Amino acid sequence: MRKVDIVGVGMTSFGKHQDKSFIELAVPPIVDALKEANMKPSQVEAGFCSYALAGRLFGAVTAGQTILWHAGINKVPVVNVENACTSGSTAFHLAWMGIALGQFDTAIVVGVEKMVVPNLGLISSGDTEIDTLEGLVTPASFAMRALCHMAEYGTTAEQLALVAVKNRRHASLNQLSQFRDPITVEDVLRSPMICDPLTRLSCCPNADGAAVVVLSAAGRSRRFTAKPVRVAASVLVTGSYENPIDLVPWETDYRACKKAYEIAGLGPNDLDVVECHDAFTISEILHYEAMLLCPTGEGGRLVETGATSLGGTIPVNPSGGLLSKGHPVGATGVAQLVEGVRQLRGEAGARQTEGARVFMAQCMGGDKDGDARSCTANILMNN
Amino acid sequence: MDEPVRDVFPGIFEDSKNPRLIGGHCPGCKRKFFPKPIVCPYCLGPVGATPLSREGVIYSFSIVRIKPPFGLPQPYPVGLVDLVEDGLRIITLLDPLKTEGLAIGKNVHLMVEPLGVDAGGQTCLRYYFTPV
Ligand SMILES: [Zn+2]
């Protein structure tokens, strides 16, 4: 396997982009990322475009070819990727794989979603699944995990709320975040109940947004940039769907992170900064544990210590996370990597983690039989 | 003449008076499934239909307070219920009239009644578990 570097990134702000179509939203960050990589469109040898909802919302089919053509990229292989909330990180994984295996030397990953539309409704695993027909909506499945975590480990509603408070504090330092005003534990607990014990401020908001990553075989990356960032591991796994399965600890999450550590030859103590899939406050706590940032059951107490705040021992979601930025499904997994690259290059401004060398992005998607449909773990590092 | 009310999902339960959920059973692996899979995912052999236990224990639950899907009442509870005899943990609607006093470990049993609509928007019979 060849080594692979990220040589350029770009992203829009996350929030409402009512003036732009789904296609229009995706093009400017491609131009930015190519410019950053000093790469001409004709030098891009493959494209991977992720979106999860545009088919349902706008009837989009194989939109990747249209989007990339607008940015001057044609003729080369283009793949459209849907893998629920990990659509973007899965597209990245495929681009990484193609370069690592020597199929091409450069590739572009474009994640995009436009979902601030009237009557979006609730995200679920699809109207034909019996679980959906029986009333399982995505926030309820995480609410059930939260209840189990509270019952088993004594995690409190205040500890859950602290995740949203911390991520909002981080977001105040990120101009690309949809919500940037500070909130308190009281605000989180008193916001309207969505699915007990998760309140509105415990759940990530919808957003429009697009994010882009440009990759190159490591041997060639310095032609494009003076600051390439190495992909130390890229992992994609699927749930086990064993029955019965416990909601906590989350085996699939642990399995993805463990595999990433093994491939990178690193461990949790090597990480300097992390982005994880905080679709709900409880999610971040579960992911701390799966990433081995703390023992199983200690996630609620970890956030309380401040260790995962900027300035702490292992800052998590310095971008503000999904809880502040919003969650444009197809873009989320790519945007996490954009944040990682900016942290590792020392370009994260007021939210910079000093001297960051190793970054992990954890992302999870979909719901099936009490497990995730997919989970990705990507580790990036400075050479 | 009125058409009979349809089941929320074809073949998912039997006998709405004394209802049982219909799962799958692989005679080779001696495993049960719910719902019944197309083939056994462990040995790829054929799976027979088998009625499951009416009695369960709440493993976890939540009360959904936002605008409900499929014409369900607002709010409604949903849970993961252990069918102890069958060794299965299933996702299911819980009794919408009994949102108070739900707890992990509570005993529940199966009911089937006209409740909400199916994927096609038609009134349907739906299963749920109610506290004993
Ligand atoms: Zn079998």
>> Using only the alpha-carbon atoms of chain B as identical scatterers, what base-10 log of I(q)/I(0) does the Debye formula give at q = 0.11 Å⁻¹?
In response: -0.41
> Remind me, what semi-axes does the protein assembly as shown give for its equivalent ellipsoid, largest first in whole Å, using sqrt of 5 times each Cα gyration tensor eigenvalue?
Replying inline: 40, 25, 22
> Once you have the alpha carbon radius of gyration of the stretch A:170-285, what is it after dividing by 2.2 N^0.38 Å, with N set to its residue count?
Replying inline: 1.40
> GNM on chain A, C-alpha springs below 10 Å: top fluctuator among A:L53, A:L344, A:L101?
Replying inline: A:L101
> Ranked highest first by the average count of other Cβ atoms within 10 Å around their residues, in what order do B:99-108, A:365-374 fall?
Replying inline: A:365-374, B:99-108
>> Net charge around A:T155, counting only other residues with Cβ within less than 13 Å of its Cβ (Lys, Arg = +1; Asp, Glu = -1)?
In response: -4
> Against the longest alpha carbon principal axis of chain A, how many degrees, from 0 to 90 and to the nearest 10, is the axis of helix A:281-290 turned?
Replying inline: 70 degrees
> Can you give the Kirkwood hydrodynamic radius for the stretch A:49-197, in Å, rounded to one decimal and based on Cα pairs?
Replying inline: 18.8 Å
> Nearest 10 degrees, 0 to 90: what angle lies between the long axis of helix A:22-36 and the longest principal axis of chain A (Cα atoms)?
Replying inline: 60 degrees
> With point charges of +1 on the Cβ of Lys and Arg and -1 on the Cβ of Asp and Glu, referenced to the Cα centre of the protein assembly as shown, which listed residue (A:I130, B:Q74, A:G346) lies farthest in the positive direction of the dipole?
Replying inline: A:G346
> If one takes the longest principal axis of the Cα atoms in chain A, at what angle in degrees, from 0 to 90 and to the nearest 10, does the Cα axis of helix A:251-264 lie?
Replying inline: 40 degrees
> Tally Lys/Arg at +1 and Asp/Glu at -1 over every other residue whose Cβ is under 14 Å from the Cβ of A:Q43; what's the total?
Replying inline: +2
> Which residue, A:C85, A:C195, A:C204, has the most motion in a Gaussian network model of chain A that connects Cα atoms within less than 10 Å?
Replying inline: A:C195
> Residue separation times 0.36 nm, minus the C-alpha to C-alpha distance between B:I38 and B:L97: what's the value?
Replying inline: 17.8 nm
> For A:M1, A:M97, A:M364, what ranking results if the residue with the fewest other Cβ atoms within 10 Å of its Cβ goes first?
Replying inline: A:M1, A:M97, A:M364
> Restricting the count to DSSP beta bridges whose residues both fall in chain A, what percent are antiparallel, rounded to a multiple of 5?
Replying inline: 75 percent
> Based on DSSP H runs of at least 4 residues, each adding -39500 (n - 2.57), what is the mean residue ellipticity at 222 nm of chain A after dividing by all its residues, to the nearest 500 deg cm²/dmol?
Replying inline: -10500 deg cm²/dmol
> Taking a 32 Å limit on the Cα-Cα distance, which of the listed pairs A:K368/B:K17; A:K325/B:K67; A:K35/A:K259; A:K259/B:K106; A:K75/A:K368 fall beyond it?
Replying inline: A:K35/A:K259; A:K259/B:K106; A:K75/A:K368
> How big is the stretch B:76-132 on each of its three principal axes, counting only the C-alpha atoms and giving the largest first in Å?
Replying inline: 34, 27, 14
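FYI, it's all coordinate maths here, none of it is from the lab. Just so we're clear, the structure is a prediction, and the values are computed from it rather than from any experiment. Backbone-built Cβ (ideal geometry, glycine too); neighbour counts: all protein chains shown.
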